[in-house]
1. Is it the case that some residue within segment 315-326 is touching a Leu at 6+ places or on another chain (Cβ under 9 Å) and either surrounded by fewer than 24 Cβ atoms within 10 Å (Cβ to Cβ) or on the phi > 0 side of the Ramachandran plot (or both)?
2. Any residue in segment 72-95 that is farther than 11 Å from Phe408 by Cα and at pLDDT below 85 sitting within a Cβ distance under 6 Å of a residue that is crowded, with 16+ Cβ neighbours inside 10 Å and among the hydrophobic types (A, V, I, L, M, F, W, C)? List the pairs, counting only those 6 or more apart or interchain.
3. Can you tell me which of Glu378, Glu415 is surrounded by fewer than 19 Cβ atoms within 10 Å (Cβ to Cβ) and either modelled with pLDDT of 80 or more or part of a helix (DSSP H, G or I) (or both)?
4. Mind checking which residues of segment 146-166 are part of a helix (DSSP H, G or I) and closer than 20 Å to Ile364 by Cβ?
5. Yes or no: segment 211-220 includes at least one residue that is without any contact (Cβ under 8 Å) to a residue 24 or more places away in the chain and of a type in the set (Val, Ile, Thr).
6. Any residue in segment 254-269 that's assigned to a helix (DSSP H, G or I): show its pairings with residues that are β-branched (Val, Ile, Thr) and at pLDDT 90 or above at Cβ separation under 6 Å, as long as the two are six or more apart or on different chains.
7. Among the candidates Phe218, Phe233, single out the residue that is within 19 Å of the chain's Cα centre (by Cα) and in a helix (DSSP H, G or I).
8. Within segment 183-201, is there a residue that is touching a residue at least 12 places away in the same chain (Cβ under 8 Å), surrounded by 15 or more Cβ atoms within 10 Å (Cβ to Cβ) and in contact with a Gly (Cβ under 6 Å, 6 or more places away or on another chain)?
Amino acid sequence: MTDKKRKKPWAVFIAIALAIFIGDFTGKEMGLFGVTYYSIYDIIGKLFINSLTLIIVPLVSSSIITGVARIGGDGQFGRIGLKTFSFYFLTKIIAIIIGIVIINLIHPGSANVGTASSLINMKELSLSQESISASGAFVKMLEDLIPPNVLDAFAKGNMLGLIFFSIIFGYAITHISKKAAEMHMNFWTGIFEAMINITHYIMKVLPIGVFCLVAKVFADTGLASLRSVGLFFFTVMLGLGIFVLIALPLLLKFVAKVNPWNQFRAMAPALITAFSTSSSSAALPITLECMEKRAGVSNRICSLVIPLGTSINLTGSALYEGMAALYVAQSFGLELSLGSQFLFTFITLITSIGIASVPSGSLIIIMIILRFWGLPAEGIGLFLAVDRILDMFRSVTNLFADGCCAVFVAKSEGETNILTKKEFDPI
């Protein structure tokens, strides 16, 4: 990734700090020439949300189609691919469950109840609350899974139907003529790369969008919101910490039977890169170097597991998305039953496949999850003040989980001398 795309996040941090105090200072009534500052925050924030929503369908569909087609047509995909997906599924489901348990125990959104409601129409909220029963949501999920008209699903943003179709379509590409398959791959790869570029364009105005969304929240609620968002930050960090420092090391120790500390040491250069760029894709070349030269995993394993992981195994992002969506639900006073939360876990697991591994890419998927439960996309403004900082930590989590999966697969394939080095050469 070019240096241009490795911009420092200071502009976003400054925008957040200014938004907190300016939003609190201006409130909802202050304005200029009859136009309130609050209305300006509102319209610019909505335009920013719309720009993110605009790219959801082509980005997710092209990402899944090219990923599945590339893997399905790989001769290695059989046994190794099955093991890779098994470990991906295991680590991701553990991450999501940890996040949901922690967010329910601490319940940070309760501090927002009574103030967050001003972000949306309460009539719409009451209708949304009626649809949050487990049985109703499950029926809706089944109906959305196989759409009768795929173009209609694309137009309406039916993400479950879109993901299902994209997986089937990507797999079908591997079973057509070579010439036709290459044409499809070139087309969908071009779509994916164009969408990633558009995502980067949108990220260039991220400080402005974040400023307006955060300023709107603090104009509504004042500095009282800091308590809730601070508690949310602590809750997410606790969830990420339990997953990275306890869950994954236990799997390395008892499943892969390697020293977890050596995994941290071997991946240190890649983890630092992921933290500073907030992108696991940016750290991909260094990750491959770390896993092969420092961890001792073979190239045949790394070349499949690591690039694939940066596309569909963003476990830290999946953990965060579930927590963020539930935080928004809690903020609006909506409580999900145990059955609904099991379904919620499944929805998060499925939708997290299409995350773009770029800074703040999780915001797109969070909006999809919020939409599924009938919650307002503007709810992301409740946690945007800390999203950019958390993005750096979840990028590290994503990359570390990918490296762990490579170790799991390599050990299951009988490879030896994994994570046995006592000293590591610098990258």
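1. Taking every residue of segment 315-326 in turn, none turns out to be touching a Leu at 6+ places or on another chain (Cβ under 9 Å) and either surrounded by fewer than 24 Cβ atoms within 10 Å (Cβ to Cβ) or on the phi > 0 side of the Ramachandran plot (or both).
2. Gln76/Leu304; Phe77/Ile71
3. When all the criteria are applied, what remains is Glu415.
4. Ala153, Phe154, Ala155, Lys156, Met159, Leu160, Gly161, Leu162, Ile163, Phe164, Phe165, Ser166
5. The answer is no; no qualifying residue exists.
6. Ala256/Val407
7. Phe233
8. no
The values are calculated or read from the model by the stated rules, or taken from the named source; none is laboratory data. Source: prediction; values computed, not measured. A quick note on method: Cβ atoms are made from the backbone with ideal geometry, for glycine too, and the neighbour counts reach across all protein chains shown.
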